[in-house]
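First comes the structure, then the notes that go with it.
The values are calculated or read from the model by the stated rules, or taken from the named source; none is laboratory data. Keep in mind that this is a model prediction, so the values were computed, not measured. Glycine also receives a Cβ, built like all others from the backbone with ideal geometry; neighbour counts cover every protein chain displayed. Surface areas here come from the heavy atoms of the whole protein model, side chains and all, with no ligands, DNA or RNA. Shrake-Rupley method; radii C 1.70, N 1.55, O 1.52, S 1.80 Å.
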Amino acid sequence: MSKPKVNGKAKYNRVQQYMLAGAGLGLYFGLFFRPVREPNFAVAVALALLAATVITILGLFKKPRLPLIELGKTAVSTFIKFALFMALMEGRHYAYDLGGKWLVTLFATLLGGFTGWWLAHRETR
């Protein structure tokens, strides 16, 4: 089944909605951020690996089943995307050290807005 085509105005509205939702989540993660540990990029990579594994396993249950090569591509691209996002979330520690609560809030809000923009464009393709 193919995806329905999205016209320009609907695509623009979806981008706005995703960006606002992402920025709102980022605002939340920025406002309530409390640095209780040192940044740990190994945790970010481990969480990205876990997310990619779960998404790939769920892909095995889809009908019709994707070819193995497609599942492999999905697993790798999902891992890269999650690892990048999680590493940037660990960057909140450095933003906090540089500028305190205001900078980490701005950083997380912009990261959330960009992530929403990226997801909206990816979905409307």
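Give me the 1.4 Å probe accessible area per residue for the range 1-116, excluding ligands and nucleic acids, in Å².
72
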Task: Cα-projected label distance for Leu110 with Ile55, points at 7 Å along beta-carbon direction, nm - done: 2.4
Task: Prolate/oblate/rounded call for the chain, Cα gyration tensor, a/c under 1.5 rounded - done: oblate
Task: Under DSSP loop assignment and at most 14 Cβ neighbours within 10 Å, longest chymotrypsin sites (Phe, Trp or Tyr not before Pro)-free interval of the chain - done: 62-125
Open item on the list: Only four residue types carry charge here, +1 at the Cβ of Lys and Arg and -1 at the Cβ of Asp and Glu. Report the dipole size of the range 15-122 about the Cα centre in Debye, rounded to the nearest 20.
Closed with: 360
Task: In sequence order, calculated HN-Hα J values of the range 40-51 (Karplus, 6.51, -1.76, 1.60; Hz; x Gly/Pro) - done: 9, 6, 5, 5, 4, 5, 5, 5, 5, 5, 4, 4
TODO: With label points built 7 Å along Cα→Cβ from the Cα atoms of Lys62 and His93, find their separation and express it in nm.
DONE: 3.5
TODO: Give the carbon-plus-sulfur fraction of the accessible surface of the chain in %, rounded to a whole number; probe 1.4 Å, heavy atoms of protein chains only.
DONE: 72
TODO: Can you tell me the 0 to 90 degree angle between the C-alpha axis of helix 92-123 and the longest principal axis of the chain, rounded to 10?
DONE: 20
Task: Degrees, to the nearest 10: 68-90 long Cα axis against longest axis of the chain - done: 10
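If you average the sequence gap of Cα pairs under 8 Å that are 6 or more apart and divide by the length of the chain, what percent do you get for the contact order?
Across the chain, relative contact order equals 50 percent.
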- [ ] Could you point to the residue in Gln17, Asn40, Ala108 farthest towards the positive end of the chain's charge dipole, with +1 and -1 charges on the Cβ of Lys/Arg and Asp/Glu respectively?
- [x] Gln17
